[in-house]
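The values are calculated or read from the model by the stated rules, or taken from the named source; none is laboratory data. This one's a predicted model, so the numbers in the text were calculated from it and none came from an experiment. FYI the Cβ positions are ideal-geometry reconstructions off the backbone, even for glycines, and counts take in every protein chain you see.
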Amino acid sequence: MNCVIWNCRGTGAKSFPRLIRDLKRNFQVDFLALLETHQEGFAAQRIMDKLGFDNREIVEAVGYAGGIWCLWKNNGRKIRVVWKHNQFIHFHILDCSGSWFLTVVYGSPHVAQRGELWNNLKSIGVSMVEPWCIVGDFNAFLFDYEKFGGSNNGSRPDRHFLDMVDSNSLVDLGFSGPGFTWKRGNVAARLDRALANLGWRNLFPEASVLHLPPLKSDHSPILIRTHGMVDSGARKDRPFRFLASWLLHDDFPNVVKDSWQSDWHWSLTTFQDKDLYSDDLSCRRAYDFSGCFPCLDDRDLKKVHLVSWSSMCKTKQNGGLGLKHVRVQNKAFMTKLGWGLVNQKDALWARVLRAKYKCGDDLIPTVRRINTASRLWKGIADSWKHVQEGMVWRIGDGKRVRFWSDPWLPNGSALCHYSLVPLSDVELDRVAADFVSASGGWEWGKFEFLLPNEICSLIAAVTPPSCVVQGDHIAWKHSRDGAFSTRSAYHAIAKEDGMVTHDFWKHLWKWKGMEKVRSFLWLCGHDRLLTNVARMRLGIADTDTCARCNCAAEDLLHTLRDCVKARCIWLKLVHPSKWHLFFNTSRLNWLSLNLGSNMGWHGSDWGVIFAYACWYIWCMRNGEIFDSSHIGSADPVLAILKLSSDSTRAFDRIVPGSVRHSSHVQRFICWEKPSNGWVKFNVDAARRESLNLTACGGIARDSDGRFLIGFMRNLGDGSVLNAELWGIFCALEVAWHSGFKKVLVESDSFIAVRLINDSISLVHPCSPILARIHYWISCDWEVQVVHIHREGNRVADSLAGHAFGGSLDLVILHEAPAFLFSILRADLEGKGSYRLCMG
């Protein structure tokens, strides 16, 4: 007898009868119990008529609360109702196996009402002498491990439920399949189960319980087979799947010929019976013929999962392996489609969706979740909050961006969140162009007194609106260049951008050695080696004491460093002057310290020696404890040094054609005078992390090296690249107003120079300042922007370093400051320094 019990949470959907018929056909259901049906009266009868069962017994739902439907086929068995209650139906069943009782339960979600259920089940159990089984949704669980997630103050094991089970001498029938039968959000529990007394267990010794996958409800159906798995032959509705490997078998033509001549049903079992799975194939696998998917051979032993899936799905910089959560990845894809509604507003697909779901004609659409919408639109609507959180404006002419309300600061926030006083609706609607002075800078007097100093510092790093810049644009704040990518969306949704990373992970992925040793170090970083402390925590060891020294608990640091047998090795490898650091550091810091610095006697390869030493000590420990025939090396230190030297030589070996080594030459770098008629403007930028400030400075000299003019500017809290571009822009502006006609601008930022000469997207963070630079370059004069090494740009470097305490406006220097005299003199004398440059 096959019984399915399911809390379906409603039966009114049009597809529900078809769903039940599929369930009935797939699992050959004889008895079906549906709980929390949400239907009563004529509507309930009409639905049950469509389910295809001979008999029924129901407890009517009260509105949307409760409801139990029990339906069954005749099939030669007699089923009668003994007791019907609003929380259970108690049946007597007489079939070919004998006489027994079945109670179908739907426990009330209210604790007080469930107390009545426990008392009634106790009263049944007092007089019960025949086999008895209780199944259903009890809305309670017995033990702490039967719940996952939720707060500590949430639902707890029901002691009255446990008391009922003990009083009636019931046993849990166990299960196969998922461990929890109910899941909502991040909380899951085993609320549905099957219990029986010993008489029923003896009557059906092969009975089994299977948790089926959840269908339309947050509860999983449970399938009870009283006679275990019954092989009913090949299912006629299973699609035939052809495996290409069959063609390699010598007897394949005969199998096909015999199959066509006979009346066999084509399936995988047809070819299995003909032994088309050759034993000599190295990649041979057992197959689960119920689904035609490869599974592990039964001979494979189950292994302990050392690291959780969530940890492996973190980025490598955060200690993971860079794998992806499918659910989060799907949200990232939906966010990409939502971003397309903004970024590709005029595309056909975007116009269709905007019109169909009435999103409006604004650049940022109005997105609402509609229950009758397509799955695509529901996915976009559910991920729309991630689109909104990722939006940031790039100010161009400032005519569209609202100064207070829209997010345009470098940190992606809106100014209204930092205002010291409430702002009126009129003020909130003012655009950024309204806050620009006549000279083209920010009109600080209009808003500076309303904001904290650190926010004003952020504003200073943003290029003010200008008519020479093309419009305002929306960018994606989670990427460096402002362009959307599913990778950056994934990390933003997974909230990995702001995580604090440890230096160990950076050293680990740069480490050069065998991958199995790197994997070993990765496990060490997570403290997931199966030491005795870990084995005892998992219940597979009786003690956590070190079996080699019997002196202390064997955790990771004790195993690899502090144990007597490990310590004697390290004393020979680690330099004595570093012993105090080596033996007194916490786990992650210990690993990071040794991979990132030289702690030993043997030169710059200490990171390799340390890694192989840890791995060798671990292998040596395992051999001594678990392998009685293990014979260790006579000198572990020599074995470790040989292993590490072999590894280093292997990685240093040059494979022809695989690596191209760039040649470097040593060159003398100094400042050089410009050609006659030209003015050279050296510019540079600086950032001081302690102040969260950036600044730029520049100086103009003629062909004789004479000082002409200079400038300094405090740029607030921005990026170094933005400050370098500001320095070039200020140099061009000062040079134009000074009347220079041939200007050579030198910057030691190669990236800044490359951005000026290349074309970039309008959503790039530096696009507004680049637009201004291109405007000045296009004027009627000769301008060149070139890169110079830092050794030839010392004057501008010193000037930028003195600009942090200056004004947020441009400061013009008509005379050279005293602190530049020595550097200017050295430049005139041709002094410089040597550096390695690309050949």
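The rows are residues; the columns are (1) under 16 Å from F148 (Cα atoms); (2) without any contact (Cβ under 8 Å) to a residue 40 or more places away in the chain; (3) not aliphatic (A, V, I, L, M).
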residue	(1), (2), (3)
F161	no, no, yes
D172	no, yes, yes
P178	yes, no, yes
R184	yes, yes, yes
A194	no, no, no
F204	no, no, yes
H211	no, yes, yes
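Under the condition of being under 28 Å from D397 (Cα atoms) and not hydrophobic (A, V, I, L, M, F, W, C), the residues counted in segment 742-798 number 18. Residues in segment 690-700 that are under 20 Å from D748 (Cα atoms) and surrounded by fewer than 24 Cβ atoms within 10 Å (Cβ to Cβ): L693 only.
Of all residues in segment 463-476, those being of a type outside the set (S, T, Y), assigned to a loop (DSSP other than H, G, I, E, B) and surrounded by fewer than 23 Cβ atoms within 10 Å (Cβ to Cβ) number 5.
Scanning segment 802-833 for residues that are exposed (fewer than 15 other Cβ atoms within 10 Å of the Cβ) and in a helix (DSSP H, G or I) turns up A818, F819, F821, S822, R825, L828. Of all residues in segment 520-539, those being part of a loop (DSSP other than H, G, I, E, B) and either free of Cβ contacts under 8 Å to residues at least 40 places away in the same chain or closer than 19 Å to C619 by Cα (or both) number 7.
Screening Q28 on (1) at pLDDT 85 or above; (2) within 13 Å of L215 (Cβ to Cβ); (3) surrounded by fewer than 17 Cβ atoms within 10 Å (Cβ to Cβ); (4) in contact with a strand residue (DSSP E or B) (Cβ under 9 Å, 6 or more places away or on another chain) shows it passes everything except condition (2).
Yes/no per residue for (1) within 24 Å of H85 (Cα to Cα); (2) β-branched (V, I, T); (3) not assigned by TED's automatic domain parsing to the domain that holds F91:
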site	(1), (2), (3)
F143	no, no, no
N152	no, no, no
D158	yes, no, no
V165	yes, yes, no
L170	yes, no, no
F180	no, no, no
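Scanning segment 53-97 for residues that are at pLDDT below 85 and assigned to a strand (DSSP E or B), we see that the one that is nearest to L170 (Cα to Cα) is A65. Only one of the numbered conditions (1) in a strand (DSSP E or B); (2) closer than 17 Å to A140 by Cα; (3) of a type outside the set (S, T, N, Q) is not met by W100, and that is (2).
Taken together, the residues in segment 370-382 that are closer than 18 Å to W349 by Cα and not in a helix (DSSP H, G or I) amount to 2.
Scanning segment 320-335 for residues that are more than 12 Å from the chain's Cα centre (by Cα) and buried (at least 18 other Cβ atoms within 10 Å of the Cβ) returns M334, T335. Pairs are defined by a Cβ separation below 9 Å, a sequence spacing of at least 6 or placement on different chains, a first member in segment 802-825 that is more than 29 Å from W444 (Cα to Cα), and a second member that is loosely packed, with under 15 Cβ neighbours inside 10 Å; the pairs so defined are R825/K831. Of the residues examined, N714 is one that is surrounded by 13 or more Cβ atoms within 10 Å (Cβ to Cβ), among the polar types (S, T, N, Q) and modelled with pLDDT of 90 or more.
Considering (1) buried (at least 21 other Cβ atoms within 10 Å of the Cβ); (2) in contact (Cβ under 8 Å) with a residue 40 or more places away in the chain; (3) farther than 21 Å from L51 by Cα, the lone condition that W72 does not fulfil carries the number (3).
The residue list T486, T501 contains one member that is closer than 30 Å to G607 by Cα and either modelled with pLDDT of 95 or more or under 34 Å from the mean Cα position of the chain (by Cα) (or both), which is T501. Residue-level analysis places V517 outside the set of residues that are in contact (Cβ under 8 Å) with a residue 60 or more places away in the chain and either in the same structural domain as G445 (by TED's automatic domain parsing) or under 30 Å from I773 (Cα atoms) (or both). Filtered by the rule that a residue be at pLDDT below 90, within 21 Å of H478 (Cβ to Cβ) and hydrophobic (A, V, I, L, M, F, W, C), segment 396-448 gives no residues.
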